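Here is the structure we will look at, set down as structure tokens.
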Amino acid sequence: HKVGGRAAVAPKEAVLQFRTGQNETSVPDVKLSKSKDGRTRTASFIFDRPDIIREFLRAPVEHVLTGSFIQGLFMVDTEGTIVTYDLDSVFTNGKPTGITVTHVMKTDREWERFMR
């Protein structure tokens, strides 16, 4: 299948990507929660100094200004790809240092797929 115009290749193990085809090597803190009524579950990923930030700081300005440098968070495994676009940047002393990502799951099917 295709993600973001490129053919996604299923890895042998699960990987995280901020840009399709480019694996993130930093490991995020992950927090799982669910709403009081149990219908909505949320996975929050907190990346501290991820690879993509270092790349972003070295990238030419015209490349960064296109708005497509960080495309989302792609969670890729042998079953396919789960995508979320709910990302926020973390800044320390005016410089980007991290990314927080929120992935909301509203059905049992979405939750079970995420947990596999």
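Quick look at the numbers
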item	result
Filter result for residue 36 (modelled with pLDDT of 90 or more and basic (Lys, Arg))	yes
Residues (assigned to a strand (DSSP E or B) and either exposed (fewer than 15 other Cβ atoms within 10 Å of the Cβ) or touching a helix residue (DSSP H, G or I) at 6+ places or on another chain (Cβ under 7 Å) (or both)) located in segment 73-89	80, 82, 88, 89
Pair list, Cβ under 9 Å, 6 or more apart: segment 91-109 residue touching a residue at least 60 places away in the same chain (Cβ under 8 Å), other residue polar (S, T, N, Q) and not in a strand (DSSP E or B)	104/40; 105/40; 106/40
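The values are calculated or read from the model by the stated rules, or taken from the named source; none is laboratory data. Here the structure is a predicted model, which is why all the values come from computation and not from measurement. FYI the Cβ positions are ideal-geometry reconstructions off the backbone, even for glycines, and counts take in every protein chain you see.
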